[in-house]
Amino acid sequence: MEMLTNLFTTFLLTARDVIPIAVILFGFQLGVLKRPIANLRQVALGFVYVIVGLSLFLVGLELALFPIGESMAEQLTSPEFIHPEAGVHAPTVWQDYFWVYIFAAAIGFSTTIAEPSLIAVAIKANEVSAGAIGVQGLRISVAIGVSFGIALGCFRIVVGDPIHYYIMAGYVIVVIQTFYAPKLIVPLAYDSGGVTTSTVTVPLVAALGLGLATNVEGRNPLIDGFGLIAFASLFPMISVMGYAQIVEKLNKRRSLKEQKDAL
């Protein structure tokens, strides 16, 4: 009964948030463009699906994704797991959290591959570029960036370094890459950093960061627990531009080889 009440409450709150979007869209269509809404029944049904889907998703976050993310961080950082033989009071160093970094990288890669917004962007980029930008290539390159970024963010939490050092260094790399990467990929690379911070990735990453900061001695969840999402946004820009640079070099090498063979 409590679960049904929670679901109904979430449904009402979601409807409250989605209805203004529908009002704006319909208002511009009818009031500004002064044109009828095509397939009105289908559009209305789509909004119902959105509200129901978001409601179920939000309830699922509270029941599954947030608890399991925090639970995994707690178990991977427990002294019993890190030092099963040395004892609970054995001193720990950053190398002891090896499995935390592996888990962070794995969860970052898998959630990014499953990110609906990234799939949509990759498909549109493939269509607009007439196949020059591969759907799978873009998704995998973004996922690699998120994977590395979240693992590095977990390392930062463990060692306690200030976050701005990492962010500033990352953006310096992004600026330098911008001058050398193919121009057609630069805007897409910047957008790729944004689409990773969406419905699937954010809940697990936030739960992982908070769980890790809570269980590592000397860390403050409010100061150290947040910030992983910034890493998840930054490093895909680097990986996508790097992917484009590698592909460009390979294509140039292939074309030069073909020219030599032709001679």
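The values are calculated or read from the model by the stated rules, or taken from the named source; none is laboratory data. Just so it is clear, the model here is predicted, and its values are computed rather than measured. As a convention, Cβ positions derive from the backbone with ideal geometry for all residues, glycine included, and neighbour counts pool all protein chains shown. Just so you know, the surface numbers come from the protein's heavy atoms only, side chains and all, with ligands and any DNA or RNA stripped out. Shrake-Rupley method; radii C 1.70, N 1.55, O 1.52, S 1.80 Å.
Between the DSSP loop rule and a limit of at most 14 other Cβ atoms within 10 Å, which trypsin sites (Lys or Arg not before Pro) in the stretch 166-263 are left?
On the way: sites: K183, R219, K249, K252, R253, R254, K257, K260; in loops: K183, R219.
Passing both the DSSP loop test and the Cβ count: K183.
Once you sort the root eigenvalues of the Cα gyration tensor of the stretch 30-74 as a ≥ b ≥ c, which label holds: rounded (a/c under 1.5), prolate (a/b larger than b/c) or oblate (the other case)?
Numbers: a/c = 6.76, a/b = 3.61, b/c = 1.87.
Prolate, since a/c reaches 1.5 and a/b exceeds b/c.
Can you tell me the accessible area per residue over the stretch 69-175, all protein chains present, probe 1.4 angstrom, in square angstrom? List each step's numbers first, then the result.
Working: 5500 Å² over 107 residues.
On a per-residue basis, the stretch 69-175 sits at 51 Å².
Can you report the principal axis dimensions of the chain using only the alpha carbons, biggest first, rounded to whole angstrom?
Here the spans come out as 77, 71, 29 Å, largest first.
Over the chain, what is the relative contact order in percent, taking alpha-carbon pairs closer than 8 angstrom and at least six residues apart? Please report the intermediate quantities before stating the final value.
Details: 289 pairs, mean separation 58.1, N = 263.
It comes to 22 percent, rounded to a whole number.
Counting pairs on different chains as well as pairs 8 or more places apart, how many Lys pairs in the chain have Cα atoms under 20 Å apart? Mind dumping the intermediate values first?
Working: K124/K183; K183/K249; K183/K252; K249/K257; K249/K260; K252/K260.
Eligible lysine pairs with Cα atoms under 20 Å apart amount to 6.
Of the options P116, A230, I163, report the single residue whose Cα projects farthest towards the positive end of the charge dipole of the stretch 93-262 (beta-carbon charges: Lys, Arg +1; Asp, Glu -1).
Checking the options against the dipole of the stretch 93-262, the answer is P116.
Kirkwood Rh, Cα Rg: Rg to Rh for the stretch 94-165? Please list the in-between numbers first.
On the way: Rg = 15.2 Å, Rh = 13.4 Å.
For the stretch 94-165, the value is 1.13.
So which trypsin sites (Lys or Arg not before Pro) in the stretch 108-160 pass both tests, a DSSP loop state and at most 12 other Cβ atoms within 10 Å of the Cβ?
Details: sites: K124, R139, R156; in loops: none.
Taking the stretch 108-160 and a limit of 12 other Cβ atoms within 10 Å, no loop trypsin sites (Lys or Arg not before Pro) are found.
How big, on average over all directions, is the shadow cast by the Cα convex hull of the stretch 193-250, in nm²? Present the calculation step by step, with values, prior to reporting the outcome.
On the way: hull surface 19.6 nm².
Averaged projected area of the stretch 193-250's Cα convex hull equals 4.9 nm².
Heavy atoms only, probe 1.4 Å: what % of the accessible area of the chain goes to carbon and sulfur, would you let me know? Spell out each step's value before the answer.
Values: 10900 of 15610 Å².
C and S fraction of accessible area: 70 percent.
Over the alpha carbons of the stretch 137-259, what is the largest minus smallest coordinate on each principal axis, giving the biggest first in Å?
Reported extents, whole Å, longest axis first: 61, 27, 21.
Ratio to report: Rg/Rh of the stretch 1-105, with Cα atoms as the point set and Rh obtained by the Kirkwood method; give two decimals.
Details: Rg = 23.6 Å, Rh = 18.0 Å.
Ratio value, two decimals: 1.31.
With a cut-off of at most 15 other beta carbons within 10 Å, and DSSP calling the residue loop, which trypsin sites (Lys or Arg not before Pro) in the stretch 1-62 qualify? Please list them. Don't skip to the end; give the middle numbers.
Values: sites: R16, K34, R41; in loops: K34.
Loop-located and lightly packed - K34.
How large is the charge dipole for the stretch 93-262, taken about the Cα centre, if only the Cβ atoms of Lys, Arg (+1) and Asp, Glu (-1) carry charge, to the nearest 20 debye? Kindly include the intermediate steps, with their values, before the conclusion.
Working: 11 positive and 10 negative charges, 129 e Å.
With Lys and Arg at +1 and Asp and Glu at -1, about 620 debye.
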